[in-house]
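Trainee: Following this message is one structure expressed as structure tokens.
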Amino acid sequence: NQSTEFNLADAIGSKRKEVNTMSITVSNGKVGTSYSQKVIFTDLTPVSTSTEFRMLPEESGPTPISFKLYFDSTEVVKGEAITWNNLQNGSNNTKTIRIGGINQNTIDSLASGTYTDTISVEIQNP
């Protein structure tokens with residue numbers, strides 16, 4: 001688990017704020033062979049409740065803040081698999097996780113406070 005704090009202004013509209021990285025190490029693979037894995041991102045709000053990623057207020061009452069999640073430059077659809085191709089044996093296969101797409105009008109109308117979310121990643125064989 002890794003925690004990241006950031007200013008919401010850094011992720012408004014088309015701005016994207018780097019919040020983490022994800023790495024996969026291929027062990028016992030063949031040199032020169034590319035491998036792939038599927039990665040699925042979810043958060044604390046079940047897909048059945050909201051298909052959006054949402055930061056929830058620490059104190060009950062205020063509206064959650066919806067945001068977009070990016071796996072490198074690919075926008076993530078919550079709960080849907082993204083295939084991570086070209087994984088190489090023994091190398092540090094790394095992608096950057098970013099947040100963006102926060103609506104300026106939404107945060108202007110919200111109560112101040114701390115909003116949090118927990119992103120979970122499931123890795124599957126393709």
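Trainee: Identify all residues within segment 38-70 that are at pLDDT 90 or above and not in a strand (DSSP E or B); write none if there are none.
Mentor: ASP43, LEU44, THR45, PRO46, VAL47, SER48, THR49, SER50, THR51, GLU52, PRO64 - these are the residues of segment 38-70 that are at pLDDT 90 or above and not in a strand (DSSP E or B).
Trainee: Continuing with the same structure: Of (1) out of contact with any Pro (no Cβ under 8 Å at 6 or more places or on another chain); (2) charged (D, E, K, R); (3) at pLDDT 95 or above, LYS30 satisfies all except one. Which?
Mentor: Of the numbered conditions (1) out of contact with any Pro (no Cβ under 8 Å at 6 or more places or on another chain); (2) charged (D, E, K, R); (3) at pLDDT 95 or above, the odd one out for LYS30 is (3).
Trainee: I need every pair where a residue in segment 5-22 that is on the phi < 0 side of the Ramachandran plot has its Cβ under 9 Å from the Cβ of a residue that is among the small types (Gly, Ala, Ser) and part of a helix (DSSP H, G or I), sequence separation at least 6 or different chains.
Mentor: Correct list of pairs: LYS15/ALA9; LYS17/ALA11; VAL19/ALA11.
Trainee: Specify which of the listed residues (VAL47, VAL26, VAL39, VAL19) is crowded, with 16+ Cβ neighbours inside 10 Å and farther than 17 Å from ILE123 by Cβ.
Mentor: Only one candidate qualifies: VAL19.
Trainee: Scan segment 104-126 for residues that are under 17 Å from THR74 (Cβ atoms) and either surrounded by 11 or more Cβ atoms within 10 Å (Cβ to Cβ) or acidic (Asp, Glu) (or both) and jot them down.
Mentor: The answer is ILE119, VAL121, GLU122, ILE123.
Trainee: Would you mind stating whether THR106 is among the β-branched types (Val, Ile, Thr), free of Cβ contacts under 8 Å to residues at least 60 places away in the same chain and either closer than 17 Å to ASP10 by Cβ or not in a strand (DSSP E or B) (or both)?
Mentor: In short, yes.
Trainee: Assess whether ASN103 counts as being at pLDDT below 95 and within 18 Å of the chain's Cα centre (by Cα).
Mentor: No, not satisfied.
Trainee: Please name all residue pairs, on different chains or six or more residues apart, with Cβ atoms under 9 Å, provided the first residue is in segment 72-95 and is at positive phi and the second residue is of a type in the set (Phe, Trp, Tyr) and assigned to a strand (DSSP E or B).
Mentor: GLY79/PHE41; ASN86/TYR35
Trainee: Among the residues of segment 71-90 satisfying the criterion of being in a loop (DSSP other than H, G, I, E, B) and either of a type in the set (Ser, Thr, Tyr) or out of contact with any Gly (no Cβ under 9 Å at 6 or more places or on another chain) (or both), which is nearest to GLU18 (Cα to Cα)?
Mentor: Ranking the candidates gives ASP72 first.
Trainee: Among the residues of segment 78-103 satisfying the criterion of being in contact with a Leu (Cβ under 9 Å, 6 or more places away or on another chain) and either hydroxyl-bearing (Ser, Thr, Tyr) or under 27 Å from ALA9 (Cβ atoms) (or both), which is surrounded by the fewest Cβ atoms within 10 Å (Cβ to Cβ)?
Mentor: The extreme case among them is GLY100.
Trainee: Name the residues in segment 4-34 that are closer than 23 Å to ILE82 by Cβ and not in a loop (DSSP other than H, G, I, E, B), would you?
Mentor: ALA11, ARG16, LYS17, GLU18, VAL19, ASN20, THR21, MET22, SER23, ILE24, VAL26, SER34
The values are calculated or read from the model by the stated rules, or taken from the named source; none is laboratory data. Small disclaimer: the values here were computed from a predicted structure and weren't measured. All Cβ positions, even for glycine, are placed from backbone atoms using ideal geometry, and neighbour counts span all protein chains on display.
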